[in-house]
Amino acid sequence: MCMTMTGNGRRRSSSTLSLIRTAAAIGSACLLAGCGVLPGATGGSREPLTVMTWAPENTRATNMPGMPAMGQAYARWINARGGINGRELRVLTCNAGNEPAAAAACARRAVQEGVVAVVGSYSRNGRAFMPPLEAAGIPYIGGYGLTDDEFRSPVSYPVNGGQAALMAGNGIQLADACDRVSLVRPDSITGADLPLILNSGLAQGHHRTAADIPAADDAGEYTEEARQSRKRVGDEGGCVTAALGEHTANFFDSFRRLPPDGRDVKVSSVLGSVDQPLVDRTGGANGPFEGAYITGWYPEAGDERWDAMKRVIREHAFADNRIDPADAGVQTTWIAYNVLTAVVESLGDEEVTSGRIGQALDRGVRVDTGGLTPPLRWRYEDMLGTPDLPRIVNHQVTFQVVRKGRLVAQTDGFVDVGPTLRKAAAL
């Protein structure tokens with residue numbers, strides 16, 4: 001067997017030299033093709049980023065399947081562009097149900113899978129899912145904003161003002177339009193706070209308090225609640241507002257089936273309970289929501305500021321009918337993933353971990369959402385700081401109205417409900 005000498009006097013067989021030449025050839029070909037290099041080598045490839053998005057699916061109450069689907073579409077889009085700062089984005093999804101056990105199971109799975117963040121998710125069970133995330137130091141970025149825990153936990157970074165901001169804004173919106181107001185809201189711990197917040201908004205317009213009508217949030221019909229709500233708004237200029245999530249449609253279906261009594265009662269709600277898909281399904285301009293007052297977090301769905309999201313859905317969702325660009329959950333998820341991207345890009349070549357993402361957010365990474373929200377930042381001084389909801393950083397809402405079957409802006413720009421929320425907290 002032929003032997004050759006190495007620089008230090010040792011000998012290598014011809015078979016060994018053959019292996020070296022093969023490895024060199026593979027390395028050269030990989031460099032020409034743009035492959036990642038071996039771990040430990042100079043300029044090594046970056047580790048993929050694994051995140052999770054959860055939401056309830058196939059439940060009897062509110063379902064938000066478009067949120068995990070939007071996260072997956074975002075990943076396909078960003079990975080087609082080379083990933084986030086050269087890192088592949090991997091999105092895990094989980095059915096959080098509408099019960100604490102399912103939400104907690106999703107959180108535990110996020111910890112087990114080593115995700116660097118939970119992004120754009122929906123659950124009403126904050127007390128179940130937040131403790132596992134807190135224990136593991138996993139940031140919760142851009143949750144839907146349903147629970148107080150999302151505005152209290154040190155690992156939560158909300159992109160909107162949650163139900164509180166919507167209800168405060170709804171009160172301000174209705175103060176100028178209605179003589180009396182009835183509020184139909186969930187008969188739950190979370191729902192019990194809504195009348196106080198709505199009334200704070202009404203008081204800003206020197207309006208009397210609303211009639212409070214608790215209701216089940218998973219009922220098939222609401223005839224009795226509809227009857228009470230109409231009765232208690234008086235004879236003229238009354239408004240009925242409802243915030244029952246997915247079952248708001250059931251309530252207003254019962255409301256419009258009430259026998260006519262000669263009164264013209266206006267209806268109202270908040271985005272997430274009523275949106276453009278619901279208006280379309282219930283008859284558009286000829287349905288029960290024509291003329292309805294709607295308070296939202298973001299610009300109306302037809303605003304050009306949503307064009308980038310719509311393009312991603314069109315090109316990367318592959319006709320996934322779970323994703324509707326007019327759905328508030330889909331919109332929140334889009335914004336949340338843009339926050340994630342901005343934070344990871346701010347880390348540059350640093351290793352991306354859940355801890356470093358949290359540190360970057362706490363130290364003041366500023367995220368421009370293209371006008372879909374005010375610029376977002378989560379420093380201590382950026383937070384609203386009320387005792388119940390200290391971590392709200394975006395306390396802006398929009399006023400919309402249904403005209404000719406379309407949700408359109410009632411007023412230009414955003415309305416700041418921060419002072420109203422502070423007054424509600426002081427009561």
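So which residues in segment 98-111 are open to solvent by 10 Å² or more (accessible area, probe 1.4 Å) and touching a helix residue (DSSP H, G or I) at 6+ places or on another chain (Cβ under 7 Å)?
Once the filter is applied, which keeps residues that are open to solvent by 10 Å² or more (accessible area, probe 1.4 Å) and touching a helix residue (DSSP H, G or I) at 6+ places or on another chain (Cβ under 7 Å), segment 98-111 yields PRO100, ALA104, ARG108, VAL111.
With in a helix (DSSP H, G or I) and in contact with a strand residue (DSSP E or B) (Cβ under 9 Å, 6 or more places away or on another chain) as the only criterion, which of VAL339, VAL330 stands out?
VAL339
If a residue has to be assigned to a helix (DSSP H, G or I) and either within 27 Å of ALA409 (Cβ to Cβ) or of a type outside the set (Asp, Glu) (or both) to count, how many in segment 342-376 make the cut?
Going through segment 342-376 one residue at a time, the tally reaches 12.
Are any of the residues in segment 262-276 of a type in the set (Lys, Arg), touching a residue at least 12 places away in the same chain (Cβ under 8 Å) and assigned to a loop (DSSP other than H, G, I, E, B)?
yes
Just to verify a result, which residue in segment 147-174, among those that are part of a helix (DSSP H, G or I) and of a type in the set (A, V, I, L, M), is modelled with the lowest pLDDT?
Looking at residues that are part of a helix (DSSP H, G or I) and of a type in the set (A, V, I, L, M), I get ALA164.
When you scan segment 65-91, how many residues do you find that are within 16 Å of the chain's Cα centre (by Cα) and farther than 18 Å from PRO325 by Cα?
Summing the residues that are within 16 Å of the chain's Cα centre (by Cα) and farther than 18 Å from PRO325 by Cα in segment 65-91 gives 1.
Residues checked against (1) without any contact (Cβ under 8 Å) to a residue 60 or more places away in the chain; (2) more than 30 Å from LEU198 (Cβ to Cβ); (3) of a type in the set (Lys, Arg); (4) surrounded by 18 or more Cβ atoms within 10 Å (Cβ to Cβ):
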{"site": "GLU351", "(1), (2), (3), (4)": "no, yes, no, no"}
{"site": "GLY355", "(1), (2), (3), (4)": "no, yes, no, no"}
{"site": "GLN359", "(1), (2), (3), (4)": "yes, yes, no, no"}
{"site": "PRO375", "(1), (2), (3), (4)": "yes, no, no, no"}
{"site": "ASP382", "(1), (2), (3), (4)": "yes, no, no, no"}
{"site": "THR398", "(1), (2), (3), (4)": "no, no, no, yes"}
{"site": "ASP412", "(1), (2), (3), (4)": "yes, no, no, no"}
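State which residue is farthest from ALA336 (Cα to Cα) when the search covers only segment 273-303 and only residues that are among the hydroxyl-bearing types (Ser, Thr, Tyr) and crowded, with 21+ Cβ neighbours inside 10 Å.
TYR293
Within segment 48-63, which residues are at pLDDT 90 or above and within 23 Å of LEU133 (Cα to Cα)?
PRO48, LEU49, THR50, VAL51, MET52, THR53, TRP54, ALA55, PRO56, GLU57
Residue under question is LEU133, and the condition is that it be farther than 20 Å from LEU271 by Cβ, over 18 Å from the mean Cα position of the chain (by Cα) and crowded, with 21+ Cβ neighbours inside 10 Å; does it hold?
In short, no.
The values are calculated or read from the model by the stated rules, or taken from the named source; none is laboratory data. Note that this is a predicted model, so its numbers are computed, not measured. In this analysis, Cβ positions are derived from the backbone assuming ideal geometry, glycine residues included, and neighbour counts consider all displayed protein chains. These accessible areas exclude ligands, DNA and RNA; they are computed on the full protein's heavy atoms, side chains included. Shrake-Rupley method; radii C 1.70, N 1.55, O 1.52, S 1.80 Å.
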